[in-house]
Every structure is written in C-alpha cells, then in structure tokens.
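Working notes for the structure below.
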Amino acid sequence: MKTILQKISSLILSVILICFTLPIRAAASYEIPGVCLVQTDMGGTCIVKTLDYAYNDNTYFSLRDIAMLLKDTDKSFALDITDNAVSLHPGYVYMPVGAENDSWENDENPNISLRRNEFKIYDDTVFYYTLIMKLPSGDYDCFMMAADLAMILDVNITIPEEGSLKIHTQEPFGVSPFSLEEAGYFYGVNSVLVGDATTGEIYYRYQSDMSYPIASTSKLMTCLLTMDAIAAGKIRVDDLATVSDEVQSLAASGDGVIPLKAGEQISVEELLVGTLLPSSNECALCLAELIAGSEEAFVGMMNQKAQELGLSQTIFYNSNGLPVYTEDFIPAKRQNRMSAEDMFRLVSYLLKVYPQVTDITSMEEATLESQGLEVRNSNPLLYNLPEVTGLKTGTTNKAGACLVTSLTVDDGNVEHDMVVVVFGTEDSIERGRVSGLLARYAMHLFDTETGETDDMGETGKLPIHAEAAVDQIIRTARKR
C-alpha cells in the first residue's frame, strides 16, 4: 500500500512545476526573477531563487540553492557548472561558492537563453533544457525544472502550502497521468497514450481515438513497408537506390535534411537510417520510389496497409509527413493523420514483426558512408533514459511537436515493449517533457520489488486502493 501510494501520490506534476514566487508579478517577455521557500522532509528550509521563463509559474529553480539545502541529506549532490554544461554528482557533498540561498540583488530581467544543455550525471551524458547564468563571483548557476531534478535524484516533490515546495528525500519519484489530466496538464497537447506493445494493454489514454496530423512520425509506416519489402525479397538492405530529380529537389528545399544529389546511389540501409534518425524527408521519398516506383503508388500501399491493420482513423498523403497541397484551382493543404490508438497499433505490429527496427532507432548517431555524413537521432529521450529504444519524432506547424517512444521494461519475468505516443505539443521542449513523464510512468507500472503490477489496463478499472489514492490526491490538489 505504501509503495503504491508513494508512486501514485506524487502530487500532480503540473502543480509541482508551479511555485508561486513572492511577490506576485506581471508577465514578462523573458525571465522573471523570484524566490520560493523550499523545505525537506529532514527539517531543512531555505530560500531558493527562481526564474519564470516567459510566463508566470513556468518555473526553473537554482541548482546551487537546492544543492545547499540537500547537502546534509541522503540526496546530496555536488556541482560543476560552466557556461554551457553541468556536471551533477549525486551522493557527493556540495561545496558552496557564495550567494547560495540569498534573494536576488535586483529584479531586473536576466535575459538568459533557455537551451538544451549537456549534463553529466555520474559518467553518463544527458541533456536538459536549462538556464545558465554567471554569478557576480564569476561562477555559474544553473536553473532547471523541479520535475527534471526530481527524476534525476529520484525524489518526490509536493507543495505543502502556497508559495513553498517540499522535497521528500525518502520517497521515490512517481507520476500519475490521471492526476495530471485532472489538473489540465494535457490541455496543451492533442493526444497521448501509454501502452504495452507486448500484451496490447493500454494503461492511459487522452483523446487517443481522435485523428490528428502526425508529421514525421508517418515515417514509421514508411519503415514498416520497407521492412515488408525486404522480408518479401523485393529489395535487400545492401541494394542501391538511385537518387531521382524529385528527391534532389526535396533535399535542396527548406525541408531537406541530407543533401542527396540526382544520380547518386545510396543503400537501403542508409536510407532507413536517414529516415529514422535525423528524420530525412528525402530518404523517405527515395525509399518510396524504390519500393513502389512512385510516391503516389507508395502512398496507396501505405493506406492499404493501414486498412489491413485496422487503423480506422488514419490517412496518408505522402511518405514523410510533410504538408502537401492539392492541384485544385484553390489548393487544399493536407497532412497525414492518425489517432494515437492507431499509432499504438502500428507500432505494436512493427515491434512484434520486425523487432530489429530498434537496432536502428536506439542508435544515438550513425555515419552515412556514401555521403560522408554523421547523423544524430532526433529522439530526446534516447539520451536521458537507458530503457528507451526509439522510435520517431515529428514536427509541423499544424501537427505541433510529436514523439512516439518505445522503451523496454522488465517485470521480473518478461521484458515488455512499452510505447508512449504524444501528439501535438507546443514545441520540442514540451514534447520531451510530456514524453519523459509518461515514460517514467510506463517504467513504474511494473513494481519489480513486490512483483506486483499496477492494474490500469484496457478495462480502465483501477484497483480500489489505487483509485482511492488518486481521489485523495485530486481532493488535496483542489483544496490547495
């Protein structure tokens, strides 16, 4: 009971990210300096400097201030911060540089850029969106989201009262998407889904039966049809495709990723890597032309495959997910569309029939020998969670920022391929944050310590004790 409460009762993460800084301030264009009272379950209390990025309550907390607060606890950590990188050493004693836990000297806008900075945690390199600023002493401080720090340190964070934050060093990090939904956390996305591709169970869904533009996550269907063609003996991974004029034209456009030239030859294997890692639109088009003779014929195959898989809320117009205009007198702008449930079915099938796809999608980087080009995986979670094995990002103005994530979770007996689908976030920052929280939830569904699993599957029925816990969280949040 205690374990489940600890996991489910991590207070609504959207609320965790809100610290009502003192005093109340008007919205600003850049960063809004403030302070928050932060305490620990070990009795320590101090003032932590905050920066609200662009909006009130979009709050980033001073790592040096929190490190000073936690230095005598089990969650102490040391810091080395430069102008563009952070080394965080859990378990080490923090050495102060001065000015920790002091209020801001003035309330002027610091005007710092929010960047995806490199983090070193132990010997692992990960990436988080943070604000790094230079202190009067010449040292640097780093401001990051409370939820990101909670995941790094594996602690629970709650709000005991307005204007304060409490770090529970003895409670592990956990997240309940049901509570997040109740708090309105998913209002900024089109749809999300968390499911088990191994069993077919869906553990959480939000607007998952509605069809939305899916941008480059469309390339998962292109990948599936390529794998089908290889399995049928129509093509081989070492076959060479000749780059067409159409492919060159796309590569030279604003949507180009890899500078393919007409007449060049590139292998099927490299085209798959280019399609899945840096999300090359021209590589997807080249595969379509190789397999079907033309993109139009390939799109017919995509839609036929969707029907075979029972994807009732899916339609494809091209092989890569870019917007496409009709040839009408008044042209219509169309984009590939799919529901989160359809995407889950597609990915479940892909992982079951062609599990080797994760050999590609789990690579952080690769070399396209024919192009003499290094490419990097666009999936942000791949760098921060070792359990992540793929799969695909996607972004257009209409689709927003999308991410389909696969990760492997061991229940103590069997490995499960968990899938997190996130469609239509505002930007890549939110895409990574929402997907990261739901990936953590997927990992925590299987309690390997007790051998129990959280029974929140396809039926939508929670166990009585878990349902009571969720209700208690919601009532508490409403009071606050």
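Here are the numbers for this structure:
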read-out: Residue in segment 144-155 that is part of a loop (DSSP other than H, G, I, E, B), touching a strand residue (DSSP E or B) at 6+ places or on another chain (Cβ under 7 Å) and surrounded by fewer than 22 Cβ atoms within 10 Å (Cβ to Cβ) present; value: yes
read-out: Check on Glu374, surrounded by fewer than 24 Cβ atoms within 10 Å (Cβ to Cβ), within 30 Å of Leu240 (Cα to Cα) and in contact (Cβ under 8 Å) with a residue 12 or more places away in the chain; value: no
read-out: Candidates Thr405, Thr425, Thr395 - the one that is under 21 Å from the mean Cα position of the chain (by Cα), touching a residue at least 40 places away in the same chain (Cβ under 8 Å) and open to solvent by less than 10 Å² (accessible area, probe 1.4 Å); value: Thr425
read-out: Evaluation of Thr199 against (1) of a type in the set (Ser, Thr, Tyr); (2) open to solvent by 10 Å² or more (accessible area, probe 1.4 Å); (3) touching a residue at least 40 places away in the same chain (Cβ under 8 Å); (4) within 24 Å of Gly394 (Cβ to Cβ) (one fails), failing number; value: (4)
read-out: Filter result (in contact with a Lys or Arg (Cβ under 9 Å, 6 or more places away or on another chain) and in contact (Cβ under 8 Å) with a residue 40 or more places away in the chain) within segment 288-314; value: Ile291, Leu309, Gln313, Thr314
read-out: Residue identified as over 18 Å from the mean Cα position of the chain (by Cα), within 30 Å of Asp154 (Cα to Cα) and aliphatic (A, V, I, L, M) among Ile330, Ile360, Ile315; value: Ile360
read-out: From Ala231, Ala215, residue being open to solvent by 10 Å² or more (accessible area, probe 1.4 Å) and touching a residue at least 40 places away in the same chain (Cβ under 8 Å); value: Ala231
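The values are calculated or read from the model by the stated rules, or taken from the named source; none is laboratory data. Keep in mind the model is a prediction, meaning the values are calculated, not measured. Don't worry about glycine lacking a Cβ; one is built from the backbone with ideal geometry, like all the others, and counts go over all protein chains shown. We work out accessible area using only protein heavy atoms, side chains counted, and drop any ligands, DNA or RNA first. Shrake-Rupley method; radii C 1.70, N 1.55, O 1.52, S 1.80 Å.
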